[in-house]
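Participant: Take a look at this one; I'll ask things after.
Only the coordinates and a few stated rules stand behind these numbers; no lab work does. Since the structure is predicted, the reported quantities are computational estimates derived from the model, not experimental observations.
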Amino acid sequence: MDHETCVEIESDADMVAARAAGRALAERLGFSRTDGTLIATAISEVARNILVHAGCGEILLHDVHERDRHGIVVVARDCGPGIQSVELALQDGWGSSGGLGLGLPGARRLMDEFTIESVPGDGTTVTMKKWRARDPLERLRREREQREQVWA
Amino acid sequence: MSVPILKQGDYLIASIQSALSDSEVLELRDDLAERVGQFRARGIVVDVTALDVIDSFAARALRTIGSTAKLRGAETVLVGIQPDVAMAMVQFELDLQPLHTALDLEEGLAVLRRTARGGDDDGP
């Protein structure tokens with residue numbers, strides 16, 4: 001993990017900042033412009049969820065690296081009332097605050113991994129990941145470096 | 001920052017200049033609903049070229065702009081949706097019915113003129 005950003009979410013202007021931070025990190029990690037927009041859109045939805053259901057919270061962004069892929073991790077945390085039924089919250093059309101209930105299901109479709117942990121009375125944490133395949137040349141170079149280290 | 005709304009002939013042109021917060025999107029929605037009557041506009045072009053994302057909230061507000069204007073006798077065309085934003089909207093499964101869409105401002109105005117003549121080829 002080389003990059004870590006935290007954006008406090010207290011007003012709707014902070015949502016714009018969180019989207020920009022997500023897009024900037026995605027670009028630094030080599031994601032395409034389209035992936036950057038998918039990530040920013042998903043961040044927008046989870047940030048709004050924080051504002052509407054909890055009033056305030058934070059969005060943490062960081063990178064993750066595996067042998068064949070790079071990833072961006074978005075963690076949206078709040079200390080609100082929690083979600084009664086996570087399963088229901090992920091169904092299209094469900095929503096308790098006058099929204100159309102499209103936010104979380106939509107964000108899930110935009111990302112590769114999506115999990116919600118919620119304890120009634122003790123807040124909600126949404127964790128989302130998006131991956132991109134590691135460039136083959138990038139991987140070969142890294143493998144060679146590792147071999148050289150073993151021989152040295 | 002509020003979105004400037006210009007009047008050109010029978011049309012209103014709202015040109016979004018930067019990423020918008022939710023409250024700015026709602027302000028634009030309400031401004032347009034009011035100005036349609038004030039300027040007796042027959043059509044609205046909303047230029048979203050500078051919008052960084054169109055998520056569920058923005059899509060709903062934009063659809064409301066279209067429906068409200070229609071009830072007040074004006075058609076609405078959305079122009080300038082960026083390719084990456086369009087891709088995100090498809091994956092999200094958002095749609096913009098009952099809005100018209102066009103590539104850019106020029107095309108948008110052409111759509112409004114065609115609609116005014118009664119040809120509704122581009123509309124839903």
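Participant: At q = 0.07, 0.08, 0.14 Å⁻¹, what log₁₀ I(q)/I(0) does the protein assembly as shown have when each alpha carbon counts as one equal point scatterer in the Debye sum?
Facilitator: Rounded to two decimals, the profile gives -0.30, -0.39, -0.98.
Participant: A further question on this structure: Around residue B:55, which amide H atoms from residues at least 5 apart in sequence, or from another chain, sit under 5 Å from its own amide H, with H modelled in the peptide plane?
Facilitator: Residues meeting the criterion, in which the H sits 1.01 Å from N, do not exist here.
Participant: I would also like to ask the following. Whole-Hz ³J(HN,Hα) for each residue in the range A:138-152, computed from phi via Karplus 6.51 cos²θ - 1.76 cosθ + 1.60 with θ = phi - 60°, x for glycine and proline: what do you get?
Facilitator: 4, 6, 4, 4, 5, 5, 5, 4, 5, 4, 4, 5, 5, 6, 5
Participant: Follow-up. Could you derive backbone 3J(HN,Hα) for the range A:107-124 from the dihedral phi with the Karplus parameters 6.51, -1.76 and 1.60 (θ = phi - 60°), listing whole Hz in sequence and x where the residue is Gly or Pro?
Facilitator: Result, rounded to whole Hz: 4, 4, 5, 7, 10, 8, 10, 8, 9, 10, 10, 9, 10, x, x, 9, x, 10.
Participant: Enumerate the calculated ³J(HN,Hα) couplings along the range A:71-76 in order (Karplus 6.51 cos²θ - 1.76 cosθ + 1.60, θ = phi - 60°), each rounded to whole Hz, writing x wherever the residue is Gly or Pro.
Facilitator: x, 10, 10, 10, 10, 10
Participant: Using only helices, what value at 222 nm comes out for chain A when you add -39,500 (n - 2.57) per DSSP H run of length 4 or more and divide by the total residues, to the nearest 500 deg cm²/dmol?
Facilitator: Details: 5 runs with 66 residues, N = 152.
Rounded to the nearest 500, the figure is -14000 deg cm²/dmol.
Participant: Follow-up. Any aspartates and glutamates with Cα under 16 Å of the residue B:7 Cα? List them, leaving off those in the same chain fewer than 8 positions away.
Facilitator: B:31, B:34, B:47, B:75, B:106
Participant: In addition: Just the number, please: percent antiparallel of the DSSP beta bridges in chain B, rounded to the nearest 5. Intermediate values should be presented prior to the final figure.
Facilitator: Working: 4 of 17 bridges.
Taking every DSSP beta bridge with both residues in chain B, the antiparallel ones total about 25 percent.
Participant: If you scale each eigenvalue of the Cα gyration tensor by 5 and take the root, what three semi-axes come out for chain A, rounded to whole angstrom and sorted largest first? Can you show the working numbers first?
Facilitator: On the way: eigenvalues 217, 43, 41 Å².
Three semi-axes, in Å: 33, 15, 14.
Participant: Let me ask something else. Rounded to the nearest whole Å³, what is the per residue volume of the convex hull around the Cα atoms of chain B?
Facilitator: Working: hull volume 11.4 nm³, N = 124.
In chain B, the Cα hull volume divided by residue count equals 92 Å³.
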